[in-house]
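Laboratory data are not the source of any read-out in this text; all were calculated from the coordinates shown. Every value quoted in this text rests on a predicted model; they were computed, and no experiment measured them. All Cβ positions, glycine included, derive from the backbone under ideal geometry; neighbour counts span all protein chains shown.
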Amino acid sequence: MSVIKTEHLTHTYSQGTSYERAAISDINLEIEAGKMIGIIGHTGSGKSTLIQHFNGLLRPTEGKIYVDGEDIWEKPKEIRKVRFRVGLVFQYPEYQLFEDTVYQDIAFGPKNMGLSEEEIDRRVKEAALFVGLKDDQMEKSPFELSGGQKRRVAIAGVIAMSPEVLILDEPTAGLDPKGRDRILGQILEYHQEQKKTILLVSHSMEDVAKYTEQVLVMNHSRVDMFDDVEQVFSRSKEIEAMGLAVPQVSRVFLSLREKGWPVPQNVYTVERAKEALERIMQQGGKAHA
């Protein structure tokens, strides 16, 4: 069953002026509940505009958006409720922190949902645990924390609302490799434990290949591909033609394949590369090509 569905979704900026531009055009897609999906595309492809429609931050110029089968704009005055069901974490979300303590920042969303103090407290503590925040950090000012810790506070604030869909726009931007792996590992753990739908917008093909199940590729305001990770990255030449880079390990294996090595063309993670090379070595290498 689809948790998010769009029909002929179009958004045009500066409509009716000389600056008119279609940021997304005629998008028709269905996102299954419980999936972890990567969203990629070149700068200006429409990624950010698309995800801001999913929780009603932007209203379509044309077309419709459904969450659990309900047209989210059927009752415009109730659009705020959609944002509790589809949570969006912006790129560099730590710039949105504003409360006096970490606890208060995480509690902001649940409070606006009108929950009881007991339920708010439970959600705040669970969300903090999921993202790896410690008890002694909860009463600190969020501005005393490191960049990675601030990022976790911002993500926890959305998780605490327990949305059906969690959308993260470049959640690891600006972090060092260790911080990036920690954040993505926690997001994956949250997905596996909570079975929630997660949309991960990223410029890192390696991260998308490693952590997601399906990939949605935006190109010139439209959905160019939407399929399992393996199927998308097997179309590496098409992806590169869009100005995107496939995972480095995929490029290495394509080169090996062109030189006659009997390697699969759908290698896109280091783990899968290791398995493929071990099989080749056991079979005697190139002699079996």
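With the Cα gyration tensor of the range 2-229 in hand, convert its eigenvalues to equivalent ellipsoid semi-axes via √(5λ) and list them largest first in whole Å.
Equivalent ellipsoid of the range 2-229: 29, 20, 17 Å, largest first.
For the listed residue pairs K111/K195; K5/K64; K125/K150, the alpha carbons are over 18 angstrom apart in K111/K195. Compute the long axis of helix 248-258 from its Cα atoms, compare it with the longest principal axis of the Cα atoms of the chain, and write down the angle in degrees, 0 to 90, nearest 10. Result, in degrees: 20. Measure nothing but the geometry: give the 0 to 90° angle between the long axis through the Cα atoms of 177-194 and the longest principal axis through the Cα atoms of the chain, rounded to 10°. Here the helix axis deviates by roughly 70 degrees. When each of the peptides 238-251, 46-59 is scored by the mean number of other C-beta atoms lying within 10 Å of its residues, the order from highest to lowest reads 46-59, 238-251. Straightening the chain between W261 and E126 buys 43.7 nm, computed as 0.36 nm per residue apart minus the Cα-Cα spacing. Among residues other than D26 with Cβ under 10 Å from its Cβ, the summed charge is -1 (Lys and Arg +1, Asp and Glu -1). For the pair E99 and Q283, a Förster radius of 45 Å applied to the C-beta separation gives a FRET efficiency near 0.15, rounded to the nearest 0.05. For the chain, the 222 nm mean residue ellipticity estimated from helices alone, with every DSSP H stretch of n ≥ 4 adding -39500 (n - 2.57) and the total spread over all residues, rounds to -11500 deg cm²/dmol. The angle between the Cα long axis of helix 117-130 and the main principal axis of the chain comes to about 20°, on a 0 to 90 degree scale.
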